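Read the structure below first, then the notes.
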């Protein structure tokens, strides 16, 4: 392997954080996409804007906000620690939360487009065949929006690998715990003689990002062919 | 069996105000031009559309009654719905589509997978993906899927409208088989009168959201409201008769009223019930018993009414012994023959201009008319 021990550690940590991040945001994103597509309610536009906020806010600000809410003295953070002994600050779970929040809009967007293309007539058909609401969602809606769910998950995973600002603000830059690829790259650039390490990390990030996007596209095509569209 | 439906609903620029009752098991056709509210009415029956007021009652099951605040959700109504665009689940194979319905059926199976596969000849399609099917095959699968949900009633919303003529002829015999072999009532929506008179036992006419006339098909074939929808050229009595046997030339002899029609009916067996359409424009009226003619069918009867057919022709209704047929002739002919109520006449029609279909055994006899 052409990576040093600390670089390979950063790679593994990045993959671990991105996986946790996607697993955390996936169910919430499916629910959010469904609510935004299928429900009409007061304040829907505001809710929609809130979901998209991380796209336009400075990541450092998102990290700061998380620090206020989920920090040891923050309302949610204190409660999580009391109730579950879960510490977010300075941990990889915290890094996962920060990346989940940052990549959330990307995930919801992809799912929404997919859900909007699901023919409601098919859900009605399932209904006349005796399928209740949860049954219909699980057997018709979810499988048919699956291309969007998976494309969204892959895109979010790739974005999570590269999240910098929110992570470093919320959980700092601790080797082996929160120093993911972009943070390792930043640290290498700050270190005298770290140029070659920085170049390797940059290459690695490029490969991972590209692979994620290609995989997502390949997957979407495959599913479309399977559904005969 | 009793099936009663009524629905009122106000849409933007359109009002649905419809009701009908099907007094006996059979096929009730909702017939009218496109956009007259047929599909809305079917959606009310299925529960997919909530009317402002109305009821849907099938025997002792109250599926909807707005006065009593009863509205069963569609998933519990057990209405087998066959949609115009089939709506097969694209992520499932044909077999999985069929099993989807079977798994969710709440009452004991009276239609099993084997029976549906046989009746609709789906065996060879089971492993196919739905987008690999032709239009006709798709509709057969959709019909099978609806049947496997073990429905109280089968709702067919223009199931053949998206098919071309040859595909339509491919699917129609399957629907006839279902009507004749399964004792399941059907609501058949169509704007194609050929399908309707071939399949239905009971006809409900709709125009701009309202049900304007209803009754058994034979009786409704004489209804002036029908003419307004299908046009003068398609008007004609639809009579039912019993096959007496084949004549030496191979034509089927069918007892109709006091008379007998010779019909090209292929392999109809003696005793079978046949429905025959006598288009009014194809009938010739004589006031003397005709001789030396090639025409195979001469029906003696008497004129029961002469009505103006908007223009230069008259519609002559002729009773041929408990059955009424109609002829469209020019007003000049009416005058020359001095036709009026009670005139003894002979109606002539060529065998080649008659169309007939078997109506199987489970069809309600014409005497069960209801207004």
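As a length-normalised measure over Cα pairs under 8 Å and 6 or more apart, the relative contact order of segment B:236-360 settles at 33 percent. With a/c under 1.5 counting as rounded, go ahead and sort the protein assembly as shown into rounded, prolate or oblate using the C-alpha gyration tensor (a ≥ b ≥ c being the square roots of the eigenvalues; past the cut-off, prolate if a/b is larger than b/c, else oblate). Prolate.
Looking at segment A:85-229, the pairs of alpha carbons with a distance over 28 Å make up 38% of the total. Averaged over peptide B:144-156, the number of partner chain Cβ atoms lying within 10 Å of each residue's Cβ comes to 1. Summarising the label geometry, the points placed 7 Å from Cα in the beta-carbon direction at residue B:305 and residue A:2 lie 9.5 nm from one another.
The modelled label-to-label distance between residue B:312 and residue A:202, using points 7 Å beyond Cα along the C-beta direction, is 9.3 nm. The mean sequence separation of alpha-carbon pairs under 8 Å and at least six residues apart, normalised by the residue count of chain A, gives a relative contact order of 29 percent. Taking chain B as a Gaussian network, where each spring joins two C-alpha atoms under 10 Å apart, which residue of B:348, B:337, B:293 fluctuates the most? Between B:348, B:337, B:293, it is B:293 that shows the largest mean-square fluctuation. For segment B:66-142 versus segment B:182-214, the inter-centroid distance based on Cα atoms is 22 Å. Remark: relative contact order (chain B) = 16 percent; criterion is Cα-Cα distance under 8 angstrom and separation of 6 or more residues. For residue A:189 and residue A:12, the FRET efficiency from 1/(1 + (r/R0)^6), where r spans their Cβ atoms and R0 equals 25 Å, is about 0.75.
This ranking places A:87, B:85 by how few other beta-carbon atoms lie within 10 Å of each, fewest first, which gives A:87, B:85.
Per-residue shielding of B:89-96, expressed as the average number of other chain Cβ atoms within 10 Å of the residue Cβ, stands at 4. What percent antiparallel are the DSSP beta bridges of segment B:3-230, to the nearest 5? Given both bridge residues lie in segment B:3-230, the antiparallel proportion sits at roughly 60 percent. For chain A, modelled as a GNM whose springs connect Cα atoms under 10 angstrom apart, the maximal fluctuation among A:25, A:110, A:187 occurs at A:187. GNM remark for chain B: springs join alpha carbons under 10 Å apart, and the peak mean-square fluctuation among B:336, B:157, B:319 falls on B:336.
Give me A:104, A:84, A:47 ranked fewest to most by other Cβ atoms within 10 Å of their Cβ, as a rough exposure proxy. Please report the intermediate quantities before stating the final value.
Details: A:104 24, A:84 8, A:47 15.
Ascending Cβ contact count within 10 Å gives the list A:84, A:47, A:104.
Test of understanding: ordering B:39, B:287 by Cβ neighbours within 10 Å, fewest first, what list do you get?
On the way: B:39 18, B:287 14.
In increasing order of surrounding Cβ atoms, one gets B:287, B:39.
Between residue B:288 and residue B:332, the contour length at 0.36 nm per residue exceeds the Cα-Cα span by 14.1 nm.
FYI, it's all coordinate maths here, none of it is from the lab. Quick caveat, the model's predicted, so the values are computed rather than measured. In this analysis, Cβ positions are derived from the backbone assuming ideal geometry, glycine residues included, and neighbour counts consider all displayed protein chains.
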